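Report on the following structure.
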Amino acid sequence: MLAEARRAAPLEACGLLFGRVGSRALARFQPITNVLRSERAYELDAQEYLEALFAAEAEGLEMIGVMHSHPASPAYPSAVDVAGASSALVPDDWHWVVISLHGAEPVLRSFLIVEQSVVEEEIEIVEDR
């Protein structure tokens, strides 16, 4: 995810998070093109979204959230992010990962956004074996 955020800078990067059914662990991150090509907003490419979803489902994975970067602002959901999370189409247990490239070092944070309430999640990074 960090590599994708750096690659896309100064534009916002975005992608989907996939996990195994019943697990809270991230199994795969899939970068998706930001069709807005914006420094302050993102929109996932619809065709890439569907392709990633079908491929993940074939692997027994489910979509568990989304990642996007903030190239010039803190790693915290914006008002637009919170409004988008409030859609009836977005599950309450979706993980919203935001990566900031604003400071000297990148910052990665994850949030749950339920009824416009933002709650930060603890992240544990586990080495691949």
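Considering only region 99-129, state which residues are of a type in the set (Gly, Ala, Ser) and under 19 Å from residue 79 (Cα atoms).
The answer is 100, 110, 117.
If a residue has to be part of a strand (DSSP E or B), among the hydroxyl-bearing types (Ser, Thr, Tyr) and surrounded by 13 or more Cβ atoms within 10 Å (Cβ to Cβ) to count, how many in region 78-129 make the cut?
Final tally of qualifying residues: 2.
Residue check, residue 52 against (1) modelled with pLDDT under 95; (2) assigned to a helix (DSSP H, G or I); (3) of a type in the set (A, V, I, L, M, F, W, C), all met but one. Which one?
Answer for residue 52: the failing condition is (1).
What pairs come out if I take residues in region 45-69 that are in contact (Cβ under 8 Å) with a residue 60 or more places away in the chain and pair them with residues that are part of a helix (DSSP H, G or I) whose C-beta lies under 7 Å away, six or more apart or interchain?
Close Cβ pairs (under 7 Å, with a partner that is part of a helix (DSSP H, G or I)) amount to 69/5; 69/8.
Need the failing condition index for residue 24 against (1) closer than 20 Å to residue 62 by Cα; (2) among the basic types (Lys, Arg); (3) in contact (Cβ under 8 Å) with a residue 60 or more places away in the chain, just the number.
So residue 24 meets the others, but not (3).
The values are calculated or read from the model by the stated rules, or taken from the named source; none is laboratory data. All figures in this text were calculated on a predicted structure; none of them were measured in a lab. Don't worry about glycine lacking a Cβ; one is built from the backbone with ideal geometry, like all the others, and counts go over all protein chains shown.
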